[in-house]
1. Quick one: 3J(HN,Hα) in Hz for segment 40-55, Karplus 6.51/-1.76/1.60 with θ = phi - 60°, rounded, Gly and Pro as x.
2. Please report the antiparallel percentage of the DSSP beta bridges confined to the chain, to the nearest 5.
3. If I model a spin label at M23 and S51 as a point 7 Å from the Cα along the Cα→Cβ vector, what separation in nanometres do I get?
4. Restricting attention to the alpha-carbon atoms of the chain, what are Rg (one decimal) and Dmax (integer), both in Å?
5. Using a basic spin-label model with each label point 7 Å from the Cα along Cα→Cβ, how many nm lie between T39 and E66?
6. Under the 0.36 nm per residue contour assumption, what length would be gained going from the current alpha-carbon distance of T115 and D134 to full extension?
7. Per DSSP H run of at least 4 residues, take -39500 (n - 2.57); add these up for the chain, divide by its residues and hand me the 222 nm value, nearest 500 deg cm²/dmol.
8. Given a 1.4 Å probe and every protein chain left where it sits, what share in percent of the accessible area of the chain is carbon and sulfur?
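The values are calculated or read from the model by the stated rules, or taken from the named source; none is laboratory data. Predicted, not measured: the structure shown is a model, and the values here were computed from it. Here Cβ is always computed from backbone atoms with ideal geometry, including for glycine, and neighbour counts include all displayed protein chains. Calculation scope for accessible area: heavy atoms of the full protein, side chains included, ligands and nucleic acids excluded. Shrake-Rupley method; radii C 1.70, N 1.55, O 1.52, S 1.80 Å.
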Amino acid sequence: MNSDTLDEASGATAVPSVGTPPMRFDTKIAVLLRDDLATWQRLNVTSFLVSGIGQRIPEVIGEPYEDADGVAYLPMFRQPVLVFEATKEVLKAAHARVLSRALPRALFTSDLFATGNDRDNRAAVRSVATGELDLVGLAVYGPRNGVDKVVKGARMHP
């Protein structure tokens, strides 16, 4: 999905084919990344964060894909994922807002760059109090207006 197919304000997709009206979603998937990450870190964090949303909230996953030759592919999200960036302070505020709204969320802390497996990742997060987490990424899913409030102060990722 490219920038031509995305309404950044609403999370709606543009017309995917001639004669089909645009789809508007009542929900939004957003990823918020700390703005001081290296490119490889941004990609790694984003992929880890969105994997939690798809697993926990199955209704965000669409139908499997198939090409013209009948080769099957895995299903993907049925709606766009909006990626934002922000300072460490804005990310911390977004974390507080997502917790106060009890929206489904995933997090990635700086400690996870030093681990190599899921068990150690969970242990690294568990060892730090909520207010002391060194967040580098946050994913959130929920009603559009609720997600917009969580990512307030962030900007779309370039």
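1. Using θ = phi - 60°, the values come out as 4, 5, 4, 5, 4, 4, 4, 5, 5, 4, 6, 4, x, 5, x, 6 Hz.
2. 75
3. 2.4
4. That works out to 16.5, 53 Å for Rg and Dmax.
5. My value for the distance between the label points is 3.8 nm.
6. Result for the pair: 5.4 nm of gain on full extension.
7. Helices in the chain give a 222 nm mean residue ellipticity of -9500 deg cm²/dmol.
8. Roughly 55 percent, rounded to a whole number.
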